[in-house]
Every structure is written in C-alpha cells, then in structure tokens.
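Colleague: Just passing along the structure, written as structure tokens.
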Amino acid sequence: MRKPIIVGNWKMNKTPKEAENFMVEMEAYLNGKEAADYGIGAPFVDLDVCVRNAKHLIVAAENCHFENSGAYTGEVSVPMLKEVGVTYCIVGHSERRQMFAETDETVNKKLKKLFECGITPIMCCGESLEVFEANKTEEWVRGQIRGGLDGLTAEQVASMVIAYEPIWAIGTGKSANKDIAEETCAIVRDEVRNMFGKETADKVRVQYGGSVKPENIKDYMAEEDIDGALIGGASLKVDSFKAIIDATK
Ligand code: PGA
C-alpha cells in the first residue's frame with residue numbers, strides 16, 4: 001500500500017561538479033525503475049545542479065531554517081529551497097541535533113514552514129547508544145515524534161516521511177538488526193496512530209537509516225513497518241547506490 005522511498009544523504013560530501021556527474025549517471029540508470037521512489041539529499045550548493053539534472057530522482061535539502069528570511073547569517077530559508085526546485089527536505093538529522101543544537105522544537109517549526117511552502121519533510125528520529133543500552137528507546141522515540149509532529153494536521157503527517165536512525169548505527173558500520181529496526185519503526189507508526197489516527201499511521205512512510213548497504217537493504221525492506229531507507233555512506237558512490245536500488249526491485 002505504501003510506496004517505498006529510498007533516499008541518499010550525502011551529508012557534507014560532493015562539490016557541484018561531483019554532484020552533477022552522479023546525477024547524470026544515476027538518471028541514465030533509473031529510467032523505467034519504479035519499484036520505489038528514489039532520491040538524494042544534497043548540500044545546499046549542489047541543489048541547483050541536482051534539480052536541473054533530476055528526471056526520476058527526488059532532490060532533498062539536508063536542512064532549512066524556519067523563518068522566511070532575516071538576520072540569520074549562514075542559514076537557508078524554505079522559500080529559497082522552493083525556488084531552486086527542491087521538493088523534499090531532511091529535518092532533525094541526529095548530526096544536526098548533536099552538533100548544531102537542533103531540538104524537537106526547532107524541528108517542529110521547520111516542519112510547519114516546509115508544509116506551508118509545499119516541501120515534503122523527512123523527519124529523523126533515533127536514540128543514542130546510552131538510551132538504547134538503558135532500554136529507553138521507546139520512550140525517547142515517542143517523545144521525538146510527539147515533539148516534532150505537534151500541531152500538524154493528519155493530512156500533513158500522512159504525506160511526510162519519518163526516518164528512524166539509531167545514532168549508534170550511523171556511519172559506524174554497525175547496523176541495527178532488522179528486528180530492532182522493525183520494532184522501533186512500528187513504535188514510530190504507533191505514536192503517529194496515537195496522535196493522528198489509524199488512517200494517517202497507515203499512510204506515513206517510515207524509513208530505517210544507519211549503515212544500510214546493498215547487502216542488508218533487502219532484509220529491512222521485507223519488514224512490515226519499514227518503507228525504505230535513508231542512506232549515508234552507501235549513497236555516495238554511484239555503484240553502491242545502484243546496487244541498493246537493484247536489491248530493492
Ligand atoms: P550511514 O548514514 O548510512 O552512513 O550510516 C545514515 C544517515 O545518517 O542518514
């Protein structure tokens with residue numbers, strides 16, 4: 001019922017020229033592949049060249065500010081992203097929460113601004129190793145969902161994407177096994193159900209993220225509550241991103 005969505009997250013990688021090369025190669029390859037929605041999250045300076053070369057790939061920003069404009073040196077607003085032609089935006093990635101003071105409150109403000117401007121958010125959530133080892137993942141993730149989605153409408157939430165990314169599995173090569181990933185993605189969906197009802201919970205797409213690679217993507221995708229993946233390292237090279245797409249056909 002839910003179309004899977006596989007999105008690469010380049011993080012702080014690729015110059016515009018490198019981004020262009022990736023897009024040209026991937027687009028030629030993607031022709032006719034429609035088993036899932038495929039996309040990439042790119043640094044701000046790469047977005048324009050990505051959008052201009054995208055025929056099949058969704059182009060997502062990796063962050064945004066929640067105000068339209070103003071004295072926020074170094075920030076990028078949602079109307080700016082809109083004009084460039086971006087259609088999705090990653091919000092609340094754990095790296096931004098940990099290193100750039102992102103909170104549930106700023107995530108919530110960003111989601112509202114994105115919806116106001118017609119851009120689809122990919123909201124990230126996920127616990128630290130400490131929280132995981134203390135068996136507090138459920139409480140933690142439910143809190144992030146409640147805080148992040150506060151005040152949104154059921155329709156908005158049904159249309160967005162939520163990525164569950166345990167921090168201890170990001171960039172570490174240590175992926176959460178499929179049972180842990182499924183259990184927490186089901187918790188994410190259950191919290192959406194509590195807040196917005198069954199229909200919304202049935203529609204919202206929930207991704208798993210954290211050391212997803214060509215060798216393990218299939219296991220995650222076979223799980224009931226996992227509707228795709230947010231992929232860092234393995235999305236940087238055309239060959240491994242292609243292998244991931246091949247594995248999901
Ligand atoms: P990774 O990153 O696939 O390199 O673990 C995932 C992410 O941070 O989105």
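Colleague: Using +1 on the beta carbon of Lys and Arg, -1 on that of Asp and Glu, and nothing else charged, what's the dipole of the chain about the Cα centre, debye to 20?
Modeller: With only Lys, Arg, Asp and Glu charged at Cβ, the dipole is about 480 debye.
Colleague: Let me ask something additional. Please work out the C-alpha center-to-center distance from segment 28-102 to segment 160-232 and express it in whole Å.
Modeller: Going from one Cα centre to the other spans 20 Å.
Colleague: Could you run the Karplus curve 6.51 cos²θ - 1.76 cosθ + 1.60 with θ = phi - 60° over segment 34-47 and give me ³J(HN,Hα) per residue in whole Hz, x for Gly and Pro?
Modeller: Residue by residue, segment 34-47 yields 10, 5, 8, 8, 10, x, 9, x, 10, x, 3, 5, 8, 4 Hz.
Colleague: For segment 1-49, give the percent of accessible area contributed by carbon and sulfur heavy atoms, probe 1.4 Å, rounded to a whole number.
Modeller: 55
Colleague: May I ask you to compute the full-extension gain from K249 to E116, defined as 0.36 nm times their residue separation minus their alpha-carbon distance, rounded to one decimal in nm?
Modeller: Contour length minus the Cα-Cα distance gives 44.5 nm.
Colleague: As I understand it, the dipole of the chain uses +1 on the Cβ of Lys and Arg and -1 on the Cβ of Asp and Glu, about the Cα centre. Which of I6, S69, L47 lies farthest toward its positive end?
Modeller: Of I6, S69, L47, it is L47.
Colleague: Collect residues whose amide H, placed 1.01 Å from N in the peptide plane, falls under 5 Å from the amide H of C89; neighbours closer than 5 in sequence don't count.
Modeller: A61, T120, I122
Colleague: Keeping every protein chain present and rolling a 1.4 Å probe, give me the accessible area per residue for segment 1-67 in Å².
Modeller: Solvent-accessible surface per residue comes out at 45 Å².
Colleague: Let me ask another. Go through K3/K136; K14/K82; K113/K198; K11/K112; K11/K113 and tell me which ones have a Cα-Cα distance over 27 Å in this structure.
Modeller: Beyond 27 Å: K3/K136.
Colleague: Taking H placed 1.01 Å from N in the peptide plane, check which residues at least 5 places from I5 or on another chain put their amide H under 5 Å from its amide H.
Modeller: D37, G228, A229
Colleague: Using θ = phi - 60° and the Karplus form 6.51 cos²θ - 1.76 cosθ + 1.60, what ³J(HN,Hα) does each residue of segment 184-200 get, whole Hz, x for Gly and Pro?
Modeller: For segment 184-200, the Karplus curve yields 6, 4, 5, 5, 4, 5, 5, 5, 4, 4, 4, 7, 10, x, 5, 4, 5 Hz.
Colleague: Using helices alone, what [θ] at 222 nm do you get for the chain, with -39,500 (n - 2.57) per DSSP H run of 4 or more residues, divided over all residues and rounded to the nearest 500?
Modeller: Helix-only estimate at 222 nm: -13500 deg cm²/dmol.
Colleague: Using amide H atoms built 1.01 Å from N in the peptide plane, name the residues 5+ places from T103, or on other chains, whose amide H lies under 5 Å from its own.
Modeller: Placed amide hydrogens put nothing under 5 Å from T103.
Colleague: Using a 10 angstrom cutoff on alpha carbons, build the Gaussian network for the chain and name the most mobile of T184, T200, T153.
Modeller: Highest fluctuation among the options: T153.
Colleague: How large is the accessible surface per residue of segment 127-194, computed with a 1.4 Å probe and reported in Å² as a whole number?
Modeller: I get 46 Å² per residue for segment 127-194.
Colleague: Let me ask something else. Can you work out ³J(HN,Hα) from phi for every residue in segment 90-95, in order, using Karplus 6.51 cos²θ - 1.76 cosθ + 1.60 and θ = phi - 60°, giving whole Hz and x for Gly and Pro?
Modeller: Going residue by residue, I get 6, 9, x, 4, 4, 5 Hz, with x marking Gly and Pro.
The values are calculated or read from the model by the stated rules, or taken from the named source; none is laboratory data. The model shown is predicted, which means the values in this text are computed figures rather than measured ones. Here the Cβ is made from the backbone with ideal geometry for all residues, glycine too, and neighbour counts use every protein chain on show. The area values use the complete protein model at the heavy-atom level, side chains included, leaving out ligands, DNA and RNA. Shrake-Rupley method; radii C 1.70, N 1.55, O 1.52, S 1.80 Å.
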